[in-house]
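Notes for the one structure printed next.
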Amino acid sequence: MARGRRRTTRRRKKNVLGTLWGQILAIITLIALIPLGVSATAGYNVRSNVEALEGDIWHDYNATVGYAYELYNGSITKVTPTGTLYTTTHQNSTLVLCLDMQEEELNDATYVRLKFGVINATEVKLYAVDGSDEYLITSADVSTNSTVVLTYDAIDYTKVMDKLGDVDYCKLVFTPIQPGTHNITVELVKPEGLVIKHTTLINSILYAGGVLFILIALASTTSWDPLRGLI
Amino acid sequence: MDGLLLMFGLFSVVGLAFYGLFSSSKPNGILATIIAGITGIIGTVIASVTNTLTIVKLSMSGVLGYGGYLFIAGLVAIGLVWTYNAVWSWQRNRPIRLIR
């Protein structure tokens, strides 16, 4: 009796659940885990204990001005230091010191330590410069007889490279600086202990993220599902 | 600009895929476009705020080396799967249940 026999068709079913959870996992990874991982590793090199680096730290801005100059109403005046003493002549002007720091030094977490004697300024900013473009890396307050270390993490470094693409030199900008002689000791320093390049820190997360994304993509197909046990 | 488009495209497609998967009636083209645009913008903004967009841009420009290229390869793989899912769910036109 064929009466009542129901015809059934078998359709090949896609693993919708796995696909959907794969997408959800990928979204969480993309908008939460990757940024968290990057932030967590990016600060590895930022340590308060630092040691001084050897070698010349100055970058000649140009043959006429040298590495230090005073900026006032758009005009540049060369400042020739005597040891650690820099003399400026205008009120509310800007003192600029050019540092021999390119992208390699920034990637190696080379920081700037400033030891102040008598100084009449409010703030110092560290800029990366590429041609006529510049990008503010970090800043600090200035006070007499104090020491500051200008540091930055791997995310700051990636932002610099994103904005400039290349770094010719870095510069310290003291504002607003008053007429007089200012005692500023500038040192290039590095964090004590093992220093890992900023790009390596970021890359470690990118490798992990890239592999995870590819695994999720593969897991979201019906042919191969290596993450099945996880979800 | 390429990084911006990649992130916008990724999140637009996932919006489309989810809309196709969860819509109980025949998918509406205008509504799908709106949803894709909204998810694309929201995803891009989140990526920008969390520095992911900067990392994507640098990866695409080669600044971050092989790790960056692998990251982009992973994003492209996910994007392809999401696109496939969007097309698949749109064609099947049926709602799903998260737990079954």
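The values are calculated or read from the model by the stated rules, or taken from the named source; none is laboratory data. If you're wondering where the values come from, they're calculated on a predicted model, not measured in any experiment. Don't worry about glycine lacking a Cβ; one is built from the backbone with ideal geometry, like all the others, and counts go over all protein chains shown. Heavy atoms of the whole protein, side chains included, go into the accessibility calculation; ligands, DNA and RNA do not. Shrake-Rupley method; radii C 1.70, N 1.55, O 1.52, S 1.80 Å.
Annotations
- Å² of accessible area per residue within the range A:150-225, as computed with a 1.4 Å probe and no ligands counted: 36 Å²
- Taking only the C-alpha atoms of chain B, Rg followed by Dmax gives 15.0, 46 Å.
- Shielding by other protein chains, A:212-219, mean Cβ within 10 Å: 5
- Nearest-ten-degree value, helix B:65-92 long axis tilted from longest Cα axis of chain B: 10 degrees
- Dipole magnitude of the protein assembly as shown, debye to nearest 20 (Cβ charges: Lys/Arg +1, Asp/Glu -1, about Cα centre): 4160 debye
- Residue-averaged 222 nm ellipticity for chain B, from DSSP H runs of 4+ at -39500 (n - 2.57), nearest 500: -27500 deg cm²/dmol
- Structural descriptor for chain A: relative contact order 29 percent, calculated from alpha carbon pairs under 8 angstrom and at least 6 residues apart.
- Once the C-beta distance of B:LEU31 and A:LEU194 is scaled by a Förster radius of 56 Å, the resulting FRET efficiency is 0.55 to the nearest 0.05.
- For the protein assembly as shown, the orientation-averaged shadow of the C-alpha convex hull comes to 23.0 nm² (one quarter of the hull surface).
- Protein accessible surface hidden between A and B, which excludes ligands and nucleic acids, total in Å², probe 1.4 Å: 3300 Å²
- Rounded FRET efficiency, nearest 0.05, which uses the C-beta distance separating B:LEU4 from A:THR89 and R0 of 41 Å: 0.30
- Using a cut-off of 27 Å between Cα atoms, the listed pairs A:LYS197/B:LYS57; A:LYS78/B:LYS57; A:LYS171/A:LYS197; A:LYS125/A:LYS159; A:LYS163/A:LYS190 include A:LYS78/B:LYS57 as exceeding that distance.
- Pairwise label distance in nanometres, A:LEU53 with A:THR122, each label 7 Å out on the Cα-Cβ vector: 3.1 nm
- Reference-scaled alpha-carbon Rg (2.2 N^0.38 Å with N residues) for the range A:90-228: 1.45
- Apolar share of the accessible surface for chain A: 51 percent from carbon plus sulfur atoms, 1.4 Å probe.
- Against chain B, whose longest principal axis comes from its Cα atoms, helix B:29-49 is set at around 30 degrees.
- Helical runs assigned H by DSSP (4 residues or longer) give chain A a calculated mean residue ellipticity at 222 nm of -8000 deg cm²/dmol, each run adding -39500 (n - 2.57) before division by the residue total.
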